[in-house]
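Notes for the one structure printed next.
The values are calculated or read from the model by the stated rules, or taken from the named source; none is laboratory data. It should be emphasised that the depicted structure is a prediction, and the values quoted were computed from it without experimental measurement. Positions of Cβ are backbone-derived with ideal geometry, glycine not excepted, and every protein chain shown enters the neighbour counts. These accessible areas exclude ligands, DNA and RNA; they are computed on the full protein's heavy atoms, side chains included. Shrake-Rupley method; radii C 1.70, N 1.55, O 1.52, S 1.80 Å.
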Amino acid sequence: MAEKENFTEKKSTRRNFLKNSGLTLGGLVLGGAVTSLVVKNNEGTSTTDPNSQHASHGTGSTNFNHALMFFTPAEYQTAAAAADRIYPEDDNGPGAKELLAAVYIDHQLAGQWGNNVKDYRLGGFYTPGENQGPQQKLLRKDLFRAGLVALDTYSKENYESAFTALEPEQQDEVLTAFSEGKATLYGNTSSSEFFNLLRTMTIEGVYADPMYGGNSEMIGWSMRKYPGSRMQYVNEIQSEEFIELKPEGLSSHMS
């Protein structure tokens, strides 16, 4: 009996701690959210119910990593439409839109890479040699955002509609014009610079590890029969037959 009372007291103490720490960290709202996920009811039974989380925040298939960090919703739709024309759906599998390549692009532009933090930024800027990387005054995030604006401007001037409203064939014509440098972004930047960035990031978004936001469900890897990031292939590499492995992402290294 004494042991039972002691156990109940411990649970009660933990519940009180969660309530009080919630109040300390974020006030009544945060405290209520934290404790509702851990404390099931006022009987003192502690549990974490995944279904209760999904009921309040989405379904069991919801990926909480898929949220915009850089684009506005309109910019995201334009980027997704453009990426889908570069990597469209075909008989081999889904296109860039379904693979969430634009989510990958959004997350990259929001971080250090989008801000060119590792690039030389003091000028002067010269045309690089064949063995040198590009020298760009614009940050990648600014170049990409200017490119999206230019896509709509060019589309309205030539087709009287925004890029996302065009037929796929018309979108291809716009992107082809951009790849040939037939449009100009602000700062007199050639549209080909934006197109090259868009194409590169689209391919990365299709084939990069899903932890970066794209390559949804590792379908990009599955289409190429790429097994993903595995620690070793000792058993498989000795086989004379091709062995198809189910892809694994970096998240599989956590256990």
Scope the range 156-175; condition within 29 Å of GLY111 (Cα to Cα) and touching a Phe, Trp or Tyr at 6+ places or on another chain (Cβ under 9 Å); matching residues = PHE163, GLN171, VAL174, LEU175
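Suppose the filter is buried (at least 16 other Cβ atoms within 10 Å of the Cβ) and farther than 30 Å from GLY249 by Cβ; does TYR159 pass it?
Working: buried (at least 16 other Cβ atoms within 10 Å of the Cβ): yes; farther than 30 Å from GLY249 by Cβ: yes.
Considered against the rule, which asks whether it is buried (at least 16 other Cβ atoms within 10 Å of the Cβ) and farther than 30 Å from GLY249 by Cβ, TYR159 comes out as yes.
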Contact list, first residue from the range 117-134 and more than 18 Å from THR189 (Cα to Cα), second anywhere and modelled with pLDDT under 85 and open to solvent by 50 Å² or more (accessible area, probe 1.4 Å), beta-carbon distance below 7 Å, six or more apart or interchain, is none
Answer yes or no: is there a residue in the range 219-234 that is open to solvent by 80 Å² or more (accessible area, probe 1.4 Å) and at pLDDT 95 or above.
-> no
Across (1) under 22 Å from GLN108 (Cβ atoms); (2) in a helix (DSSP H, G or I); (3) in contact (Cβ under 8 Å) with a residue 24 or more places away in the chain, GLY187 clears everything bar (2)
Return the pairs, sorted by first residue and then second, in which the second residue is part of a loop (DSSP other than H, G, I, E, B) and open to solvent by less than 20 Å² (accessible area, probe 1.4 Å), the first residue lies in the range 102-116 and is closer than 19 Å to LYS137 by Cβ, the beta carbons are less than 8 Å apart, and the residues are 6+ apart or on different chains.
-> LEU109/PHE71
Please work out which one of (1) open to solvent by 40 Å² or more (accessible area, probe 1.4 Å); (2) touching a helix residue (DSSP H, G or I) at 6+ places or on another chain (Cβ under 8 Å); (3) not in a loop (DSSP other than H, G, I, E, B); (4) not polar (S, T, N, Q) is the condition ALA74 fails and give its number.
-> (2)
